[in-house]
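Comments concern the structure below.
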Amino acid sequence: MRRSTVVITCPEVCSYVFREVLTLWLEMVGSSQLENANPLIYQRSGDRQVTAQDEDEELHDRIDDREIFDLIRSINDPEHPLSLEELNVVEEIRVKANDEESFVSVEFTPTIPHCSMATLIGLSIKVKLLRSLPERFKVDVHITPGTHASEHAVNKQLADKERVAAALENSHLLEVVNQCLSARS
Amino acid sequence: MAEAQSALWGLVEEFVTGQQDSAAAEVATGVKDGAFTVLQVVESLGSCLANPEPRSRGRGVQLLSQVLLQCYSRLTEKEVEVLVVFYENRLKDHHVITPHVLQGLKALSMSEVFPLGLAVSVLKSIFQEVHVQSLMQLDRHTVYLIITNFMKNREDELKSLGADFTFGFIQVMDGEKDPRNLLVAFRIVHDIIIKNYALGPFVEELFEVVSCYFPIDFNPPSNDPHGITREDLIMSLRAVLAATPRFAEFLLPLLIEKMDSDVQSAKLDSLHTLKAACAVYGQKELKEYLPGLWASIRKEVFQTASEKVETEGLAALQALSACLSCSVLGSDSEDLLEGFLNNVLQDCRHHLCEPDMKLVWPSAKLLQAAASASSRACLKVSASVLPLLLEQYNQHGQSSHRRTILEMTLGFLKLQSKWLFDEDGDSLQSFREPLCSMVFSAVTDPSAQLHLVAVKAMTVLSTDQGFLSAEDIDLVADHLTRLILEEADPQSCQAAIEASGSLAKIHPAVFISRMVPQLCSRLQAVSMEGVEPASSGVPEHSIWLRCLEALAAMSTHHSIVEETVPILLGHLKRAQKDGQTNAEDIVAVCKSLHHVAVQCQENAKSLCFYHKTVVPCLLSLTVQAAMQDRETAVESHVLLNDSVLNAMVPIISAATTHLNPELASSSVSQVVNLFLDGEVSVLTENNFTAKFLPFQTDGPSAPQSRLVALLMAFVCSLPRNVEIPHLSRLLQHLLSLSLSGSSPFTYSSSAKCFAGLINKCPPGDLLDDVLQSASCKIELGLADEHTRTQALTLLVWVTKALILRYHPLNGQLTKKMISLLCDRDLGPLAADMFSLLVSECPDILNKACHAAIRIMFRQRFFTENVPKLVEGFNSANEDNKPNYLKALSHVLNCLPKQVLVTELPSLFSLLLEALSCSDRVVQLSTLTCLEPLLLDAADILNSHIDTLIRKLLNLTCSPSMVVRISALKCMLALTKLPLPMLLPHKQQVIRALAKPLDDKKRLVRKEAVEARCQWFLIGSSGS
């Protein structure tokens, strides 16, 4: 259901380039076989403790690393009924946030170096952050250096604003991303 | 007679040729009234039953059947016999008649005088003549009902048919598709098995005819009028499949096959069914399939696809293990449990030792599930696993690994305490030594993450009296003390305090001698010398608080209570003497005392001691403080602080609610005498120069009157059967103090005490008089500029006391409250007070202090007063409208959701209005009231959704953080509404919710993220 039945349909306004971009996305999003059938499972961290400062009306809470991590840790893995945190794909130490400079950087680590889901995972993280952060933020999502075979290609794809926007125009891709982002029942 | 006869002819004619269905009911009524007999009906039908046209014959039979359905209970045996023979014969007739014939047989099958032997022949005829599965659903249902009726009334006869009955039924239900019929059919099969009908050679056929529905895959249509759920079908099919061991050889392979299916519901259903089957199977049935079952369960747990499947897999494994443990062993049969557990151990044990610890948790869970079935299983698994875990603990250096191993060990220890300590204490003695050294090394490990688990393990080990040696228990108490005094990790410390609470009950002497003195000396050291350099990096003050908390937590045994209560009271005494301690510390001591009181409530002896020690002491200390003030009177004594007195109220209350009647009545007269007459003999120290006069309101005794709060805590918590002496005089004093008191604390305590007493006061002259004078004084008080607030406070509490007990006067008082909402000065205050009226009060007028509370008083209050509030709102001027809204939203907030949903249509526009009210309290309480309702109110919301979304979005920018959070929660709740209502607003909402994403408060941002992301998912098939 994930890949094989997709037919690329573009509205007429789409240029040839747009069609190219989509094809590239869909190729990168990859096959539907379960690649890592038995992954290592990590402990989920608990909910952030609410402090007295959080409840004080007057104080300004800066957006920090943990807050960004909390946004992405519950994203579902596309092939397991587990969260990215449980698979250690995202870790708090690989998340950097700077509220003053409106900048967020996330490194994610695919479970195996040839994981074909890496692009989709990256895209899900990116989309979740775009939806959850104020517009002023610049969001950088990339693979932890040295953990994936086609690291550069994936990073380039994720860094390109136009390409990400194009990806989300495609109803199939959007649906898959939304599945990763929907709350687990 | 002849007249009746001709009337009957007429009706029959009307029914058969005139096609008037109503005629049948008239005939039936006639038969019931005795106007004509069934025999006459048959006679009058004679010609039509012989009619060559099948439809006319059918019509005739239909009339007869309908009459019989109404009148079967009046038939004589002879009549039934004739009719049965007739109907049986009709089964051979044309197929259009069959449905009516079955109806008639159903009616007859319910008759109590059904002749012997005929049931068998009826069933035989049905089995032979009727091809059931080609009938309509309703007629098939009729056949099942006939069979059910016969099984109920004619069990022996049917059994005489032997396996033919079973075979006949198999043919009847073979191919059934309708869920309504399946439910009945499954029940019949279940009865066939449970009531021991002969199955003969048809066991496999019977299994096949039901197992073809497994696993149930049925989703009722959304508008299903029959109310049959998938669950119903699953449960009744499971009952059949797991009903007999004779199905085992067919069922177990089927279950193994379905467990390997890709569909999660099939896996779950198979595991559930296996669990149910294990309850009736013995090891003979399981033997052959054990390897297959184990392999499937192991696969499910190792490759956890979902928590549900894992849980059910473990439960099924436990059931298997339990089944094998229960089977009686013959002398020659082998012990399958032994072999099975060996298998489990072999497959799981090595995972516990692998350095990467990849599958440790699934393995440990499997082992624990198998071990939890019986003491034999537990012993076998523990004996094999514990040495391994102990060894692993010593091999691994990393504390995260050690923690995992310790957690697993804890799991096994918990199982042991369930099974082994009681029966066979010796079997694990060999592990005592290494277990203790492991746990003690963990609790002293430099890494704090081990401490929490170690504390839990120590608790399990010491819970059983004989297992640990006395020295080990001493050591446990020392470790716990050290953790409480030095531990930096708050969670571990909390666990240590809890552990002390549960272990102190079992080993009180150890804790008294080893822990109490240490905590006590630390408590004094800190409070005497103030700040001292902390050795462990934990602030001294928080250690001081921990000591208080620990002393309270461990007061679970009478002998400990006798030690700890004087220590805690000693602190209050010192505070009274020097008067320098800050109020927060005293409140902390009071909290501990309250904790002790709650724990004492279970034990009459401890409670008696507590009451006799604590109540006089608290009264004595506060009275002394109040009398001191008379002389110095510069600043109020710290013990008379609002917060301190408020903290003492629950102590006295908790020490009083569960008191035995004798002690209560002696105690009550002393306390009442103290307050009314200044009779100080009850106090522990009582040489005063002046008299204690709390009800004298003028001048120097003002501080004394604050102590009415303590009087309230005592008298309002007494059981209703304890008589209060001088009640009338007491009430008069309280009444005047509540109107003349100068400080808010005094007059509201006094009003509350008054209300608490009249709530329990038995009906009669005393109550009527007091209420009469109270309402007069309230009127006067409201008229006087200086006492308006006091009068309003008294009014609220009296109204509440009367609403709770449904006293007739409550309506009049509530009306008064409502009328005050448009008062220029008191309006806003009165509106706030409405929340007091309906919400539960923590100190008085609640269930715990034996208040007279009628059920559903809130609903009653709602129906009586909400229309008045709405009316008041509509007629009020702009300035007062917020008061009505606030009162209304307070009332609505306390109501159960079910009541609100039915009232929502009439109130919804008002609630919308309340959202744009500028008062934050109104906004907040309206939002909290709306949020849970949004889901159930789709219809009402439909016409208001634009306005609602607009107003909610406005509130997401409110200056108040809690309002912003609640508004965003409502925005999230909206996403559950039907899609067509939401889609037109999706883009607008997503744009608007971008703003709160940059809110300065993190808690607001969190809600904004959740709501916005959910709105993005609306309409996406992924959600």
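The values are calculated or read from the model by the stated rules, or taken from the named source; none is laboratory data. This structure is a prediction, so every number in the text was calculated from the model and none was measured. Virtual Cβ from ideal backbone geometry, glycine too; neighbours counted across all protein chains shown. Keep in mind that these areas ignore ligands, DNA and RNA; they rest on the heavy atoms of the full protein, side chains included. Shrake-Rupley method; radii C 1.70, N 1.55, O 1.52, S 1.80 Å.
For the stretch B:80-170, the orientation-averaged shadow of the C-alpha convex hull comes to 5.1 nm² (one quarter of the hull surface). Residues of the stretch A:44-61 buried by at least 50 Å² of accessible area upon assembly of all protein chains, compared with the chain on its own (1.4 Å probe): A:54, A:57, A:61. With K and R counted +1 and D and E -1, the other residues having a Cβ less than 15 Å from that of residue B:161 yield a net charge of -1. Residues of the stretch A:116-134 buried by at least 30 Å² of accessible area upon assembly of all protein chains, compared with the chain on its own (1.4 Å probe): A:131, A:132, A:134.
Once backbone amide H atoms are built at 1.01 Å from N, residue A:141 has A:106 as its partners under 5 Å, excluding neighbours fewer than 5 places away on the same chain. Taking Cβ atoms as reference points and 10 Å as the exclusive limit, the residues near residue A:134 contribute a net charge of -1, counting Lys and Arg as +1 and Asp and Glu as -1.
Under the rule a/c < 1.5 gives rounded, and otherwise a/b versus b/c splits prolate from oblate, where does chain B land using the Cα gyration tensor?
Because a/c hits 1.5 or more and a/b fails to exceed b/c, chain B counts as oblate.
The three principal axes of the C-alpha atoms in the protein assembly as shown carry coordinate ranges of 117, 91, 84 Å, sorted with the longest axis first. With all protein chains in place and a 1.4 Å probe, the accessible surface of the stretch B:917-959 carries 49 percent carbon and sulfur. Heavy-atom accessible surface of the stretch B:242-373, averaged per residue, reaches 41 Å², computed with a 1.4 Å probe. Remark: the Cα gyration tensor places the stretch B:558-598 in the oblate category, a/c being 1.5 or greater and a/b not exceeding b/c. Pairing the Cα long axis of helix B:604-631 with the longest principal axis of chain B, what angle in degrees results, from 0 to 90 and rounded to the nearest 10? Approximately 40 degrees, to the nearest ten. Pairs from the table (A:138/A:161; B:897/B:969; B:760/B:897; A:96/B:1000; A:126/A:161) lying more than 22 angstrom apart at Cα are B:760/B:897.
With all protein chains in place and a 1.4 Å probe, the accessible surface of the stretch B:122-245 carries 51 percent carbon and sulfur.
Give B:414/B:505; A:128/A:156; B:299/B:365; B:881/B:986 a once-over and call out the pairs whose C-alpha atoms are over 23 Å from each other. Walk me through the numbers before you get to the answer.
Numbers: B:414/B:505 19 Å; A:128/A:156 18 Å; B:299/B:365 13 Å; B:881/B:986 33 Å.
Beyond 23 Å between Cα atoms: B:881/B:986.
Judged by the gyration tensor of its Cα atoms, with axes a ≥ b ≥ c, the stretch B:1-132 is oblate; a/c meets the 1.5 cut and b/c is at least as large as a/b. Per residue, the average separation of C-alpha pairs within less than 8 Å and at least 6 apart gives chain B a relative contact order of 4 percent. Overall, the protein assembly as shown carries a charge dipole of about 1400 debye about its Cα centre when +1 sits on the Cβ of Lys and Arg and -1 on the Cβ of Asp and Glu, all other atoms neutral. Fraction of C-alpha pairs exceeding 17 angstrom in the stretch B:242-373: 55 percent, rounded to a whole number.
Based on a Kirkwood Rh over C-alpha pairs, give the Stokes-Einstein translational diffusion coefficient of the stretch B:540-693 at 20 °C and viscosity 1.002 mPa s in µm²/s.
For these conditions, the coefficient is 134 µm²/s.
Chain A packed on chain B takes about 2500 Å² of accessible surface away from a 1.4 Å probe, both sides summed. Projected onto the charge dipole of the protein assembly as shown (+1 at Lys/Arg Cβ, -1 at Asp/Glu Cβ, origin at the Cα centre), which of B:542, B:856, B:826 gives the Cα projection farthest towards the positive end? Positive-most Cα among the choices belongs to B:826.
Take every Cα pair under 8 Å whose residues are at least 6 apart in sequence, average their separation, divide by the length of the stretch B:242-373, and the relative contact order is 24 percent. Based on the Stokes-Einstein relation at 20 °C and a viscosity of 1.002 mPa s, and on the Kirkwood radius from alpha carbon pairs, the stretch B:922-1023 is assigned a translational diffusion coefficient of 159 µm²/s. By how many degrees, 0 to 90 and rounded to 10, does the Cα axis of helix B:857-875 deviate from the longest principal axis of chain B? Between helix and principal axis, roughly 80 degrees. Taking other residues whose beta carbon is less than 11 angstrom from the beta carbon of residue B:7, and scoring Lys, Arg as +1 and Asp, Glu as -1, yields -4.
Residues of the stretch A:136-185 that bury at least 20 Å² of accessible area when the other protein chains are present, relative to the chain alone (probe 1.4 Å, heavy atoms, ligands and nucleic acids excluded): A:136, A:175, A:178, A:179, A:182. Where only DSSP H runs of four or more residues are counted, the protein assembly as shown gives -21000 deg cm²/dmol as its mean residue ellipticity at 222 nm, each run worth -39500 (n - 2.57).
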